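Novice: One structure coming up, written as structure tokens, with questions to follow.
The values are calculated or read from the model by the stated rules, or taken from the named source; none is laboratory data. Model, not experiment: these values are computed from the prediction. Cβ: placed from backbone, ideal geometry, glycine included. Neighbour counts: every protein chain shown. Surface areas here come from the heavy atoms of the whole protein model, side chains and all, with no ligands, DNA or RNA. Shrake-Rupley method; radii C 1.70, N 1.55, O 1.52, S 1.80 Å.
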Amino acid sequence: MGDWMTVTDRGLSSESKSISQYTSEIKMSPSSLYSQQVLCSSIPLSKNVHSFFSAFCTEDNIEQSVSYLDQELTTFGFPSLYEESKGKETKRELNIVAVLNCMNELLVLQRKNLLAQENVETQNLKLGSDMDHLQSCYSKLKVQKLQNIIASRATQYNHDMKRKEREYNKLKERLHQLVMNKKDKKIAMDILNYVGRADGKRGSWRTGKTEARNEDEMYKILLNDYEYRQKQILMENAELKKVLQQMKKEMISLLSPQKKKPRERVDDSTGTVISDVEEDAGELSRESMWDLSCETVREQLTNSIRKQWRILKSHVEKLDNQVSKVHLEGFNDEDVISRQDHEQETEKLELEIQQCKEMIKTQQQLLQQQLATACDDDTTSLLRDCYLLEEKERLKEEWSLFKEQKKNFERERRSFTEAAIRLGLERKAFEEERASWLKQQFLNMTTFDHQNSENVKLFSAFSGSSDRDNLTVHSRQPQKKPHSVSNGSPVCMSKLTKSLPASPSTSDFCQTRSCVSEHSSINVLNITPEEIKPNQVGGECTNQKWCVASRPGSQEGCYSGCSLTYTNSHVEKDDLP
Amino acid sequence: MNFSEAFKLSSLLCKFSPDGKYLASCVQYRLVVRDVNTLQILQLYTCLDQIQHIEWSADSLFILCAMYKRGLVQVWSLEQPEWHCKIDEGSAGLVASCWSPDGRHILNTTEFHLRITVWSLCTKSVSYIKYPKACLQGITFTRDGRYMALAERRDCKDYVSIFVCSDWQLLRHFDTDTQDLTGIEWAPNGCVLAVWDTCLEYKILLYSLDGRLLSAYSAYEWSLGIKSVAWSPSSQFLAVGSYDGKVRILNHVTWKMITEFGHPATINNPKTVVYKEAQKSPQLGLGCLSFPPPGAGAGPLPSSESKYEIASVPVSLQTLKPVTDRANPKIGIGMLAFSPDSYFLATRNDNTPNAVWVWDIQKLRLFAVLEQLSPVRTFQWDPQQPRLAICTGGSRLYLWSPAGCMSVQVPGEGDFAVLSLCWHLSGDSMALLSKDHVCLCFLETEAVVSTACRQLGGHT
């Protein structure tokens, strides 16, 4: 890098053009590492180019710099930049051709240098990797060599030791002969009297019998030890078996309440497995083969445990899946309902807002036009001023009205969103109730059928036509709807069946209706305020509210009234339950 | 904790009788036998020269005193003080002498390990065993006293001979696959013999009583191998300490390694309790962990107090840099001992000489580390319960139990430098040996000690 830096310096000092060319050339160079290095270093250089040049060569010192360059170049063996001087007195002329030639030569040199450098670097890399490889080889060889050295030394040591030991043994033998065979009088035991044996017995002669006895005893000891160990192992085994048995029992008891369900749902294979297991368990407990340690029992036990375990595992996994599913579904349900409703409502409201805004705009425009036209006529200005004032007043009024309306509208919008949420909840509740009612009805019908068919027959004969009538009426005439809708709750139904022959009282109707309107939004939306009027007691306001809501943004004029009824209903609603 | 007065002693020769009734100690060429409870002198025997070795017979009836320099063994009877027996090995010399388990035979090893002479006290008969191997632990008896295993060397090969002790009949004789056998040791159940090779090669072999090779184990090659071996009292585990600073535990079913206990210089596991002995100057008041003996109020106060502190992990222990260019480097596990219930294992790594490591064998993990102020000289388990007594050559006795640990100043004029100790078999007392004195230390009853330990634990 050091060399290279000097190279760029030289190129830089010679001509700025060469630098730009040079950098572009470098960018194209294939070695990425290399070009990166160059780019990194070339950025600050190119930035400095102008300042550097201004420092080196300015308008004023062209002469000096040219002469300096000439000097430098000539020292490097390039031809002079100046024309051949004809005389000493004449000023030396700059030879453009020579300059260009020099530049070209420098560039060529530069290119050559770069190429050479690249080669050197790749070679360097190659050599580096070779070096690493060799070093690892060397270390491996070193370890091997050291091991070999240790091994060879060990063998040599062992050999020498053996030699020495042989010598030593010879000496020992000799010493033994010398010391022991001399009948050393000194080697003796001086004892007052011999003492009895610790066990009180007399010593026995060494015979073949004693030898056999010793052998026997030894084997007895060994046998005892092995028996002891076997006992221990047996005990351990028994305990382990106990644990396994207990585990199995508990597993079976744990899994048995779900036996019926998995059989219905899960495929046949697990069902058969369960039955197998049951049989196994029965067999085992009947015959109580736990104490036997033969292979078949062991296999049975391990197999059954494995099966149980598999079932338990799959069951737990299933439970996990269900739990996660329930979680997901729960979240989704709530989200979807509220969002849909919300979006619908907000869309509607946004539309209304847009309309209002447009209206305000047109009115403003009209106002401005009027003002503009009022300005140009001087004569009628006075007259018109009066009108203008009047109009201004009126506009102000209108403006305030608009503002109020806007406010009201805002409020309405808020309450609409609230209502939408409530609507969602109510719908859900209703749906639940409807489902439960349907179920109950179904159950009631069936139980009725089975328990007292006579009564039912009578009842059906009596009320069947009316019921059908009711249904048809319901489809055509909303007035009779209370009858049909009241079927929704079983309590009402019983009431109806009781009071069917007589005409139903209004209070009854009201009750049922209010009860219905609480839960059903669709049916109620069909009811117009005129229809409700005759029965307007208590909870009818909610119906009104919904009827208004079903016709959104119809007239601007009715906003105030609308909001009024709305607020009324709202208040009443709060008071209701 | 009470201490007896100090009695004179030479060559650290002091032993409790196997029945626990007597205490034999040597002063130059005199052998003194005392009653353990009253400490009154029961018998006083005078030998022909300075005693170098004493040993009680298994039935506590006889004591042998060996005078290796003179090649002499003298045997004394406790029941008949006038009875005497003298064995002279003459020019063959004497390097080791021991009782046979029956207490009626004496095995003398001659110089250069030329032979072992078996002298009987019952009959005139004398037996010779040729080619005993000169090694660290060449003779071992089974615990029931039936069999003796002896390491032998012939024609540059190692052999083991198993003798029946009752009539010295050779039961088995087999060669072992060792380069240079260093030690042999019976399992406590007397059915398995562990044989280990020289430290140049990590190899431990396990033989059955009938000479069958049960298993061979080698942990690594090339570097220095086994340094110490210990059987657990249950015969279930074999702990092998080696020069790499590890203890490997082999099991008795497969004879494979269960676990290895490293002895790192820093302890990081927060579950391990590290007790550090700390010095305390006396003016700071009595340390809660030092127990000034109540019976020795008259004695001068020790120059400094010491107590145990529980160090918080990570703790780095003081380590010695081993000198590699010398033989027998001070590295590796030089001492190991199982507690009598086989629940704990105490070890010392020789390049962290101040520390005693206590391992939990049930959980196979490090339980506690005690770092002393000076190198640990010896430790011994209480024969009755997991309680470890440690001495460091200072004037203190250190006790560890799972409940805690404490250091006790040994009273007396001047410093009583405890060089060695041995427990009485009841676990109620122990003999503390200094260079020229012995004193008995009586431990309180179990309840008192345990409360003391608990207090101690509370303080720390």
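Novice: Being in a strand (DSSP E or B) and crowded, with 19+ Cβ neighbours inside 10 Å is the filter here; which residues of the stretch B:176-216 pass it?
Specialist: Residues satisfying the conditions are B:Gly183, B:Ile184, B:Trp186, B:Val192, B:Leu193, B:Ala194, B:Val195, B:Trp196, B:Ile204, B:Leu205, B:Leu206, B:Tyr207.
Novice: Now, a different point. Among the residues of the stretch A:150-169, which ones are among the basic types (Lys, Arg) and open to solvent by 100 Å² or more (accessible area, probe 1.4 Å)?
Specialist: A:Arg153, A:Arg163, A:Lys164, A:Arg166
Novice: Also, quick follow-up: Take the stretch B:176-211 and flag every residue that is within 24 Å of B:Gly334 (Cα to Cα), in contact with a Gly (Cβ under 8 Å, 6 or more places away or on another chain) and within 12 Å of chain A (Cβ to nearest Cβ).
Specialist: B:Thr198, B:Leu200, B:Glu201
Novice: Also, quick follow-up: Quick one: in the stretch B:120-148, of everything that is within 13 Å of another protein chain (Cβ to nearest Cβ) and among the aromatic types (Phe, Trp, Tyr), which residue is nearest to A:Met180 (Cα to Cα)?
Specialist: B:Tyr128
Novice: Further question on the same structure: Scan the stretch B:2-23 for residues that are in a loop (DSSP other than H, G, I, E, B) and either at negative phi or not aliphatic (A, V, I, L, M) (or both) and jot them down.
Specialist: Hits for the stretch B:2-23 are B:Ser4, B:Glu5, B:Ala6, B:Leu9, B:Ser10, B:Ser11, B:Leu13, B:Ser17, B:Pro18, B:Asp19, B:Gly20, B:Lys21.
Novice: Now for a different question. Consider B:Asp244 against the criteria (1) within 21 Å of the chain's Cα centre (by Cα); (2) closer than 29 Å to B:Leu320 by Cα: it satisfies all of them except one. Which criterion is unmet?
Specialist: (1)
Novice: Determine whether the stretch B:390-404 contains at least one residue that is open to solvent by 30 Å² or more (accessible area, probe 1.4 Å) and in contact (Cβ under 8 Å) with a residue 24 or more places away in the chain.
Specialist: Yes, because at least one residue in the stretch B:390-404 is open to solvent by 30 Å² or more (accessible area, probe 1.4 Å) and in contact (Cβ under 8 Å) with a residue 24 or more places away in the chain.
Novice: Hey, can you tell me all the residues within the stretch B:24-47 that are assigned to a loop (DSSP other than H, G, I, E, B) and not aliphatic (A, V, I, L, M)?
Specialist: B:Gln28, B:Tyr29, B:Asn37, B:Thr38, B:Gln40, B:Cys47
Novice: Follow-up question, since we're still on this one. Looking at the stretch A:128-149, is at least one residue within 14 Å of another protein chain (Cβ to nearest Cβ), open to solvent by less than 80 Å² (accessible area, probe 1.4 Å), under 30 Å from B:Cys156 (Cα atoms) and out of contact with any strand residue (DSSP E or B) (no Cβ under 8 Å at 6 or more places or on another chain)?
Specialist: So far as the stretch A:128-149 goes, yes, one or more of its residues are within 14 Å of another protein chain (Cβ to nearest Cβ), open to solvent by less than 80 Å² (accessible area, probe 1.4 Å), under 30 Å from B:Cys156 (Cα atoms) and out of contact with any strand residue (DSSP E or B) (no Cβ under 8 Å at 6 or more places or on another chain).
Novice: Same structure, new question: Just to check your reading of the model, which residue among B:Ser100, B:Ser91, B:Ser120 is more than 15 Å from B:Cys47 (Cβ to Cβ), among the small types (Gly, Ala, Ser) and touching a Leu at 6+ places or on another chain (Cβ under 7 Å)?
Specialist: Being more than 15 Å from B:Cys47 (Cβ to Cβ), among the small types (Gly, Ala, Ser) and touching a Leu at 6+ places or on another chain (Cβ under 7 Å) holds for just one of B:Ser100, B:Ser91, B:Ser120, which is B:Ser100.
Novice: Please go through the stretch B:81-104 and pick out each residue that is of a type in the set (Val, Ile, Thr) and facing another protein chain (nearest Cβ under 7 Å).
Specialist: Scanning the stretch B:81-104 gives a single hit, B:Ile87.
Novice: Also, quick follow-up: Examine the stretch A:157-165 for a residue that is more than 14 Å from every other protein chain (Cβ to nearest Cβ) and either under 30 Å from B:Val118 (Cβ atoms) or among the small types (Gly, Ala, Ser) (or both), and state whether such a residue exists.
Specialist: Within the stretch A:157-165, not a single residue is more than 14 Å from every other protein chain (Cβ to nearest Cβ) and either under 30 Å from B:Val118 (Cβ atoms) or among the small types (Gly, Ala, Ser) (or both).
Novice: I need every pair where a residue in the stretch A:216-227 that is more than 8 Å from chain B (Cβ to nearest Cβ) has its Cβ under 6 Å from the Cβ of a residue that is surrounded by 12 or more Cβ atoms within 10 Å (Cβ to Cβ), sequence separation at least 6 or different chains.
Specialist: From the stretch A:216-227, no pairs qualify.
Novice: Turning to a different aspect of this structure: In the set A:Leu395, A:Leu388, A:Leu423, A:Leu401, which member is surrounded by 15 or more Cβ atoms within 10 Å (Cβ to Cβ), more than 30 Å from A:Glu343 (Cβ to Cβ) and at pLDDT 85 or above?
Specialist: Step by step, each of A:Leu395, A:Leu388, A:Leu423, A:Leu401 is checked, and only A:Leu395 is surrounded by 15 or more Cβ atoms within 10 Å (Cβ to Cβ), more than 30 Å from A:Glu343 (Cβ to Cβ) and at pLDDT 85 or above.
Novice: Hand me the list of strands (runs of 3 or more DSSP E) wholly inside the stretch B:65-144 holding 3 or more residues that are open to solvent by less than 20 Å² (accessible area, probe 1.4 Å), at pLDDT 90 or above and out of contact with any Pro (no Cβ under 7 Å at 6 or more places or on another chain).
Specialist: Strands (runs of 3 or more DSSP E) meeting the threshold: B:72-77, B:105-109, B:115-120.
Novice: So which residues in the stretch B:105-119 are more than 8 Å from chain A (Cβ to nearest Cβ) and under 17 Å from B:Trp76 (Cβ atoms), if there are any at all?
Specialist: Those that are more than 8 Å from chain A (Cβ to nearest Cβ) and under 17 Å from B:Trp76 (Cβ atoms): B:His105, B:Ile106, B:Asn108.
Novice: Please verify whether B:Asp35 is closer than 26 Å to B:Glu5 by Cα and free of Cβ contacts under 8 Å to residues at least 40 places away in the same chain, treating the condition exactly as stated.
Specialist: In short, yes.
Novice: Right, here's the next one. If you take just the strands (runs of 3 or more DSSP E) that sit entirely in the stretch B:217-268, which of them hold at least 3 residues that are touching a residue at least 12 places away in the same chain (Cβ under 8 Å) and closer than 17 Å to B:Leu206 by Cβ?
Specialist: Per the criteria, B:226-231, B:237-242, B:246-251.
Novice: Output the number of residues of the stretch B:29-65 satisfying the condition of being more than 14 Å from every other protein chain (Cβ to nearest Cβ) and in contact with a strand residue (DSSP E or B) (Cβ under 9 Å, 6 or more places away or on another chain).
Specialist: Within the stretch B:29-65, residues that are more than 14 Å from every other protein chain (Cβ to nearest Cβ) and in contact with a strand residue (DSSP E or B) (Cβ under 9 Å, 6 or more places away or on another chain) number 23.
Novice: Could you look through the stretch B:156-175, keep only residues that are in a loop (DSSP other than H, G, I, E, B), within 10 Å of chain A (Cβ to nearest Cβ) and in contact (Cβ under 8 Å) with a residue 24 or more places away in the chain, and pick out the one that is most open to solvent (accessible area, probe 1.4 Å)?
Specialist: Step by step, filter the stretch B:156-175, then rank; the result is B:Ser166.
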